[in-house]
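Read the structure below first, then the notes.
The values are calculated or read from the model by the stated rules, or taken from the named source; none is laboratory data. In this text, all values refer to a predicted model and were calculated from it rather than measured experimentally. Heads up, the Cβs are rebuilt from the backbone with ideal geometry, glycines too, and the neighbour counts pull from every protein chain shown.
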Amino acid sequence: MKILALDSSGLVASVAIIADGTLLAEYTVNYKKTHSQTLLPMLDEIARMVELDRKTIDAIAVAAGPGSFTGLRIGSATAKGLGLALGKPIIEVPTLAGIAFNLGFVRGLVCPVMDARRQQVYSGIYRFEGDRLITVRDQTPVSVTDLIAELEGLDDALTSEGVIFLGDGVPVLREEANRTLSVPHTYAPAHLCMQRAGAVGVLAAQLYAEGRYVPAEKHTPIYLRKSQAEQQRDRMNGNDTGNEPAESDLISVQVEAASKVVEELRVRAQMEAGKAAETEDVL
Amino acid sequence: MSVDILAIETSCDETACAVVRDGREILSNVIYTQIDMHTEFGGVVPELASRAHIDKINYVVQKALNDAGKTIDEVDAVAVTYGPGLVGALLVGVAEAKAMAWAAGKPIIGVHHIEGHISANYIEHPELTPPYLGLIVSGGHTHLVVVEDWSKYRILGRTVDDAAGEAYDKVARAIGLGYPGGPKIDREAKNGDPLAVHFPIAHVNGSEYDFSFSGIKSAVLNYLNHAQMTGDTVNRADLAASFQKAVVDVLVEHTIRAAKDLKIDRIGMAGGVASNSALRAAMKEACDREGYALYIPSPIFCTDNAAMIGVAAYHEYMAGVRSGWDLNAVPNLKLEER
């Protein structure tokens, strides 16, 4: 089982080859060159390095969005071209879930953020349960202030172990979060704070095992925003949807109703407290 | 041994793919036009064009392969337009083409869009060989060039402002015909008098073969404003015919003058506006008068298509030209820079 993974959703260009649960190669460049100049040369380089027979690739994983529209399309068109030529499907990994997977399998909440311009970040809220990534809140564009308010509003059972921020949106959010967020929070170190195709590929392997992939021709990026021209038209027609994502754009790795999560965590906490009490009794 | 090239073109609002044999024989030619989608906005919206390209590209490429009865493993090279054009739109084709070529172990060849248009004439006119004079007119380009040899061009003149097709679009919008302006004005003009209104033919000082179309466009707008203020009724067909005559006259005049100056007796016309009936008729008449041979592709090869890219790529391929995996889209790529 071989997966070729790509992420060109932001400034970072990253490619990786995952074979049967092993990361064979990863090449990540965080530099201003355009993805059109970097992505395929990088892929060519690692493929040569690990003597990859291109015909043995089983699926192409791509960070499907959100992100820079152009960056997403370079990744998507590359994935689609590979998929078409090799006759292999595409595993669409939501960009923020892919970034969150850099931190598998920490305790507490993981909140990847990407600079979305217009005073917004693309963010999602995730946590890990065993080796599974659980979506507490799906990826969406949101203002830093609203994101902080949202985290404040989560049940203590979810936030008690704190939240780790990561991604290229950290500089956008750090100052305000440090000033106003009461939930314990920290920031991922530099090497985990960006898109990594290795994480995209490993998460993609889980999705592939669940049959969650699409034929290459069906794949389209998850933009989460309409084009400016459509936004203007909608405003003129009086049905302003602003930056709200289209319903079709919303896909999540594994969404759980937040209330259910909270309930489970409470029960577990009570059981642990009960166990502690019993132990005390015995002592 | 024949050479089969898979070519992709996504520089504006057509998603196109073709398989071309030996630079002449069109094994398949698939075009998905987004025109309906952009009509609502009165012109091509770059972001929407890019989004439509990514959604349609695999269907278009697969159909081109199927129609040709080929697999990607059976073609000799992959070619793609890498400029000029809309950068986001170009990037979709470039990334797709590079990935396909890489996966199948084939060479990739970047092609200049204008070179593609010029090459469109070779499809139906295999007798046409350099040197000859080329006039390329489309929604984004207006170039008068000497085709000195295969893949070798010398630019004599180009537009200093709007492309001819762009002027058509702007005037069509102003007189309420809508987008796309070229075919709509062409149709409307058939019922009008081209001598009804005189619009000035602009000449660019110091560069005798260059074009300027923003002046004609402004003259039409001024005429409309004036008519509105004085309460005159405007005959739309007459206006369309008169505007069209002004554009066609300057295109024909520069081309014929260049042919005389350079003593070239063969002229190849190409680009979307080359399918305009008034331009075709006027150029034919002028060439007949001067005893020049005129070559124009069928309308399907005038508008953006990938067959012409495959034809241009063939000559590059035979000359040993190959692009690298770092091939990038160049939105304002110059013909001489290629």
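Restricting to the stretch A:69-99, name every residue that is free of Cβ contacts under 8 Å to residues at least 60 places away in the same chain and of a type in the set (Val, Ile, Thr).
A:70
Residue B:267 fails exactly one of the following numbered conditions: (1) within 14 Å of another protein chain (Cβ to nearest Cβ); (2) surrounded by 21 or more Cβ atoms within 10 Å (Cβ to Cβ). What is the number of that condition?
So the condition that residue B:267 fails would be (1).
Given the residues B:63, B:56, which is the only one that is part of a helix (DSSP H, G or I) and surrounded by fewer than 16 Cβ atoms within 10 Å (Cβ to Cβ)?
The conditions single out B:63.
Taking the options B:185, B:114, B:175, name whichever one is farther than 30 Å from residue B:226 by Cα and either at pLDDT below 95 or more than 14 Å from chain A (Cβ to nearest Cβ) (or both).
Criteria check complete, one pass: B:114.
Report every pair of residues separated by at least 6 positions or lying on different chains whose Cβ atoms are under 9 Å apart, first residue within the stretch A:214-231 and more than 16 Å from residue B:49 (Cβ to Cβ) and in contact (Cβ under 8 Å) with a residue 60 or more places away in the chain, second buried (at least 18 other Cβ atoms within 10 Å of the Cβ) and of a type in the set (Ser, Thr, Tyr).
Partner pairs satisfying both residue conditions: A:219/A:76; A:222/A:95; A:224/A:122; A:224/A:140.
Here is a check on your reading of the model: is residue A:28 within 24 Å of residue A:214 (Cβ to Cβ), in contact with a Lys or Arg (Cβ under 7 Å, 6 or more places away or on another chain) and either modelled with pLDDT of 95 or more or assigned by TED's automatic domain parsing to the domain that holds residue A:112 (or both)? It would help to see each step written out before you state the result.
Values: within 24 Å of residue A:214 (Cβ to Cβ): no; in contact with a Lys or Arg (Cβ under 7 Å, 6 or more places away or on another chain): yes; either modelled with pLDDT of 95 or more or assigned by TED's automatic domain parsing to the domain that holds residue A:112 (or both): yes.
Spelling it out, it is not the case that residue A:28 is within 24 Å of residue A:214 (Cβ to Cβ), in contact with a Lys or Arg (Cβ under 7 Å, 6 or more places away or on another chain) and either modelled with pLDDT of 95 or more or assigned by TED's automatic domain parsing to the domain that holds residue A:112 (or both).
Residues being assigned to a strand (DSSP E or B) and away from chain B (no Cβ under 14 Å): count how many of those fall in the stretch A:64-109. First the steps, then the outcome.
In the first step, residues of the stretch A:64-109 are kept if they are assigned to a strand (DSSP E or B); the result is A:64-65, A:90-94, A:109.
If we keep only those that are away from chain B (no Cβ under 14 Å) as well, we get A:91, A:93-94, A:109.
Final tally of qualifying residues: 4.
Need at least 1 residues that are acidic (Asp, Glu) and not assigned by TED's automatic domain parsing to the domain that holds residue A:225 per element, so show me which strands (runs of 3 or more DSSP E) inside the stretch A:110-191 make the cut, counting only ones lying wholly within it.
Once the strands (runs of 3 or more DSSP E) in the stretch A:110-191 are filtered for at least 1 residues that are acidic (Asp, Glu) and not assigned by TED's automatic domain parsing to the domain that holds residue A:225, what remains is A:120-129, A:132-143.
Restricting to the stretch B:19-43, and then to whatever is more than 10 Å from every other protein chain (Cβ to nearest Cβ) and within 18 Å of the chain's Cα centre (by Cα), can you tell me which residue is farthest from residue A:86 (Cα to Cα)?
So the residue we want is B:35.
Quick one: residue B:6 ticks every box in (1) buried (at least 21 other Cβ atoms within 10 Å of the Cβ); (2) under 19 Å from the mean Cα position of the chain (by Cα) bar one, so which box is it?
Every condition holds for residue B:6 apart from (2).
Looking at the stretch B:124-136, which of the residues that are of a type in the set (A, V, I, L, M) and within 24 Å of residue B:333 (Cα to Cα) is surrounded by the most Cβ atoms within 10 Å (Cβ to Cβ)?
Applying the filter and picking the extreme gives B:135.
Quick one: is residue B:275 more than 14 Å from chain A (Cβ to nearest Cβ), in contact with a Ser or Thr (Cβ under 7 Å, 6 or more places away or on another chain) and buried (at least 18 other Cβ atoms within 10 Å of the Cβ)?
yes
Considering only residues of the stretch B:25-53 that are at pLDDT below 95 and not in a helix (DSSP H, G or I), which is nearest to residue B:313 (Cα to Cα)?
B:33
I'd like to check something: does the stretch A:58-71 contain any residue that is surrounded by fewer than 24 Cβ atoms within 10 Å (Cβ to Cβ) and touching a strand residue (DSSP E or B) at 6+ places or on another chain (Cβ under 8 Å)? Step through it out loud before you land on a result.
To start, the set of residues in the stretch A:58-71 that are surrounded by fewer than 24 Cβ atoms within 10 Å (Cβ to Cβ) comprises A:58, A:68-70.
Adding the requirement that they be touching a strand residue (DSSP E or B) at 6+ places or on another chain (Cβ under 8 Å) leaves A:58.
Yes, the stretch A:58-71 contains at least one residue that is surrounded by fewer than 24 Cβ atoms within 10 Å (Cβ to Cβ) and touching a strand residue (DSSP E or B) at 6+ places or on another chain (Cβ under 8 Å).
In the stretch A:42-56, what residues are buried (at least 20 other Cβ atoms within 10 Å of the Cβ) and either facing chain B (nearest Cβ under 8 Å) or touching a Leu at 6+ places or on another chain (Cβ under 6 Å) (or both)?
A:43
What's the number of the only condition in (1) within 14 Å of chain A (Cβ to nearest Cβ); (2) on the phi > 0 side of the Ramachandran plot; (3) over 19 Å from the mean Cα position of the chain (by Cα) that residue B:58 fails to meet?
Against the list (1) within 14 Å of chain A (Cβ to nearest Cβ); (2) on the phi > 0 side of the Ramachandran plot; (3) over 19 Å from the mean Cα position of the chain (by Cα), residue B:58 comes up short only on (2).
Grab the strands (runs of 3 or more DSSP E) fully contained in the stretch A:1-55, keeping just those with 1 or more residues being farther than 14 Å from residue A:75 by Cβ and polar (S, T, N, Q).
Qualifying strands (runs of 3 or more DSSP E): A:22-29.
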